[in-house]
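Asks: What follows is a structure written as structure tokens; I'll ask about it next.
The values are calculated or read from the model by the stated rules, or taken from the named source; none is laboratory data. Only a predicted model underlies this, so the values are computations on that prediction, with no experimental measurement involved. We place every Cβ from the backbone using ideal geometry, glycine too, and count neighbours over all the protein chains shown.
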């Protein structure tokens, strides 16, 4: 028992250290605005018609400094990506230990579908930040300049960004054929790549994989070719089914864990009542011995 506790403590300590490294992602997020400002300054500086040689030299000097700041920003992005990769490796070690009952904790993967949403997603991120919890966001395609900062914030603060198809059109849409589904997945992958420079490798079927019915085997085969794994869930607030109170959403999670070693909790970041319940869900799962991780491709919960 002592060795088990020591191993768990060692892994958790390493995860904590790497989680601190994820803070680099947060710093990158905060520097995004600076990057955009600097790029604007560079463009303005290069276009400015200076009237004196002194002004020209000042502009050249300022532009060079701004370009160096941009280089530093790019280096930080690379460091953040490497930190994220190492973080996932240690998460896998812990997950393996939990499955083998060699750790004295359990794992909860909090997942949020269908976003981002202008009025609620940021508030969800605020709660997760407050508790130091990293989660997984299954995003769809929402082309809007107002939403762009939310796409970036989810990714650049360390959460896992995953594919939930572009349109999420279940009826007479993505499940018409294998080609229709895969086309929508590709469209969303490209949409997210364009915004974040990140290629998703985890997918959730809108409505769950059972929604694909007889198309499911062929779709999964095509997803494998694209490098995707998929995940359903074994716990849910129920906010995608019917309107309930925050207390009911909370209890749907906390009273139905079944003491599972690993939970994948389904929620939707459009729900104001789930948002209200989220702090109690986090605290309640902690009290049941769960720690919170973001999903990653090598997780045993991902079907490949």
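Asks: What is the one condition in (1) in a helix (DSSP H, G or I); (2) closer than 15 Å to residue 162 by Cβ that residue 232 does not satisfy?
Replies: Tallying (1) in a helix (DSSP H, G or I); (2) closer than 15 Å to residue 162 by Cβ, residue 232 fails exactly one: (1).
Asks: Output the residues belonging to the range 143-168 that are in a loop (DSSP other than H, G, I, E, B), modelled with pLDDT of 95 or more and touching a helix residue (DSSP H, G or I) at 6+ places or on another chain (Cβ under 8 Å).
Replies: Scanning the range 143-168 gives 143, 159, 164, 165, 166, 167, 168.
Asks: Any residue at all in the range 206-222 that is in contact with a strand residue (DSSP E or B) (Cβ under 9 Å, 6 or more places away or on another chain), assigned by TED's automatic domain parsing to the domain that holds residue 170, outside any helix (DSSP H, G or I) and within 19 Å of residue 154 (Cβ to Cβ)?
Replies: Yes, the conditions are met somewhere in the range 206-222.
Asks: Any residue at all in the range 235-243 that is assigned to a loop (DSSP other than H, G, I, E, B), within 17 Å of residue 205 (Cβ to Cβ) and out of contact with any helix residue (DSSP H, G or I) (no Cβ under 8 Å at 6 or more places or on another chain)?
Replies: So far as the range 235-243 goes, yes, one or more of its residues are assigned to a loop (DSSP other than H, G, I, E, B), within 17 Å of residue 205 (Cβ to Cβ) and out of contact with any helix residue (DSSP H, G or I) (no Cβ under 8 Å at 6 or more places or on another chain).
Asks: Being surrounded by fewer than 17 Cβ atoms within 10 Å (Cβ to Cβ) and part of a loop (DSSP other than H, G, I, E, B) is the filter here; which residues of the range 272-304 pass it?
Replies: 288, 289, 297, 298, 300, 304
Asks: Considering each residue of the range 188-202, count those that are within 15 Å of residue 227 (Cα to Cα) and either in a helix (DSSP H, G or I) or touching a strand residue (DSSP E or B) at 6+ places or on another chain (Cβ under 6 Å) (or both), and give that number.
Replies: Looking only at that region, the number is 6.
Asks: Out of all the residues in the range 225-244, is one or more out of contact with any strand residue (DSSP E or B) (no Cβ under 6 Å at 6 or more places or on another chain), surrounded by fewer than 20 Cβ atoms within 10 Å (Cβ to Cβ), touching a residue at least 24 places away in the same chain (Cβ under 8 Å) and more than 30 Å from residue 176 (Cβ to Cβ)?
Replies: Within the range 225-244, one or more residues are out of contact with any strand residue (DSSP E or B) (no Cβ under 6 Å at 6 or more places or on another chain), surrounded by fewer than 20 Cβ atoms within 10 Å (Cβ to Cβ), touching a residue at least 24 places away in the same chain (Cβ under 8 Å) and more than 30 Å from residue 176 (Cβ to Cβ).
Asks: Just checking, which of 127, 98, 133, 185 is surrounded by 15 or more Cβ atoms within 10 Å (Cβ to Cβ), outside the structural domain of residue 226 (by TED's automatic domain parsing) and touching a residue at least 40 places away in the same chain (Cβ under 8 Å)?
Replies: 98 is the lone residue from the list that is surrounded by 15 or more Cβ atoms within 10 Å (Cβ to Cβ), outside the structural domain of residue 226 (by TED's automatic domain parsing) and touching a residue at least 40 places away in the same chain (Cβ under 8 Å).
Conditions (1) surrounded by fewer than 21 Cβ atoms within 10 Å (Cβ to Cβ); (2) closer than 26 Å to residue 256 by Cβ; (3) in contact (Cβ under 8 Å) with a residue 40 or more places away in the chain, marked per residue:
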residue	(1), (2), (3)
162	no, yes, yes
170	yes, yes, yes
177	yes, no, no
189	no, no, no
192	no, no, yes
200	no, no, no
210	yes, yes, no
